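These notes concern the structure reproduced below.
The values are calculated or read from the model by the stated rules, or taken from the named source; none is laboratory data. Everything quoted here is computed from the prediction, not taken from an experiment. With ideal geometry, Cβ positions are generated from the backbone for all residues, glycine too; neighbour counts draw on all protein chains shown.
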Ligand code: FES
């Protein structure tokens with residue numbers, strides 16, 4: 001564990017991979033971080049590989065989160081690209097932190113934003129395709145929806161203060 005951003009984190013923050021939007025995504029995930037109120041959107045395009053397996057062919061993200069949110073999102077897009085849906089759902093906070101060679105403990109919650117946005121993009125893809133939703137993903141989706149609602153309410157309260 002480190003108390004400062006690693007060289008790798010700074011590299012990803014300064015030059016984030018796969019930053020932007022996909023015009024007609026197969027899935028779009030919006031997630032908000034309940035700790036800080038930051039939000040992000042992640043877009044995926046799914047296609048079959050040579051063995052006929054569906055993989056994440058293209059992936060992009062946008063966020064106004066902090067440096068750690070940008071770096072962790074950049075990493076998750078690298079990790080998810082080329083993976084099957086089932087493999088992408090297994091990407092964990094530990095995988096992201098390991099790739100960045102550490103993250104300050106106070107910034108670990110930022111990595112959840114990227115994980116949640118990827119889960120949501122996959123959830124939306126499965127819904128669109130009328131596929132069954134794994135129960136763990138369904139529970140995650142319900143938690144993410146609640147977090148987004150809480151952030152929205154907090155934002156409205158803050159805006160209405162004089
Ligand atoms: Fe909000 Fe990092 S402080 S995502």
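Considering only residues that are closer than 27 Å to residue 151 by Cα and touching a residue at least 60 places away in the same chain (Cβ under 8 Å), which ones fall in segment 83-106?
If the condition is that a residue be closer than 27 Å to residue 151 by Cα and touching a residue at least 60 places away in the same chain (Cβ under 8 Å), then 103, 104, 105 are the ones that fit.
Go through segment 86-106 and report how many residues are surrounded by 21 or more Cβ atoms within 10 Å (Cβ to Cβ) and either modelled with pLDDT under 95 or on the phi > 0 side of the Ramachandran plot (or both).
1
I'd like the full set of residues that are without any contact (Cβ under 8 Å) to a residue 60 or more places away in the chain and either on the phi > 0 side of the Ramachandran plot or under 14 Å from the mean Cα position of the chain (by Cα) (or both), limited to segment 19-55.
19, 20, 21, 52
Out of 68, 86, 47, which single residue is over 21 Å from residue 138 (Cβ atoms) and out of contact with any helix residue (DSSP H, G or I) (no Cβ under 9 Å at 6 or more places or on another chain)?
From the options 68, 86, 47, the qualifying one is 47.
Filter segment 54-110 down to residues that are part of a loop (DSSP other than H, G, I, E, B) and within 14 Å of the ligand (Cβ to nearest atom), then give me how many there are.
6
Search segment 34-53 for residues being within 16 Å of the ligand (Cβ to nearest atom) and surrounded by 23 or more Cβ atoms within 10 Å (Cβ to Cβ), and hand back the single one that is nearest to residue 121 (Cα to Cα).
My answer is 42.
Just the residues that are part of a helix (DSSP H, G or I) and out of contact with any helix residue (DSSP H, G or I) (no Cβ under 9 Å at 6 or more places or on another chain), please, taken from segment 128-144.
128, 135, 139, 142, listed by residue number.
Looking at 111, 74 in this structure, which one is surrounded by 19 or more Cβ atoms within 10 Å (Cβ to Cβ) and out of contact with any strand residue (DSSP E or B) (no Cβ under 8 Å at 6 or more places or on another chain)?
111
Going by the conditions given, is residue 58 surrounded by 15 or more Cβ atoms within 10 Å (Cβ to Cβ) and more than 17 Å from the chain's Cα centre (by Cα)?
No.
Give me a count of the residues in segment 6-18 that are in contact with a helix residue (DSSP H, G or I) (Cβ under 7 Å, 6 or more places away or on another chain) and either without any contact (Cβ under 8 Å) to a residue 40 or more places away in the chain or assigned to a loop (DSSP other than H, G, I, E, B) (or both).
Within segment 6-18, residues that are in contact with a helix residue (DSSP H, G or I) (Cβ under 7 Å, 6 or more places away or on another chain) and either without any contact (Cβ under 8 Å) to a residue 40 or more places away in the chain or assigned to a loop (DSSP other than H, G, I, E, B) (or both) number 3.
Report, by residue number, each residue of segment 116-162 that is more than 29 Å from residue 83 (Cβ to Cβ) and over 18 Å from the mean Cα position of the chain (by Cα). I'd like the intermediate steps shown before the answer.
Here is the first cut: in segment 116-162, the residues more than 29 Å from residue 83 (Cβ to Cβ) are 149-150, 152-162.
Hits for segment 116-162 are 150, 152, 153, 154, 155, 156, 157, 158, 159, 160, 161, 162.
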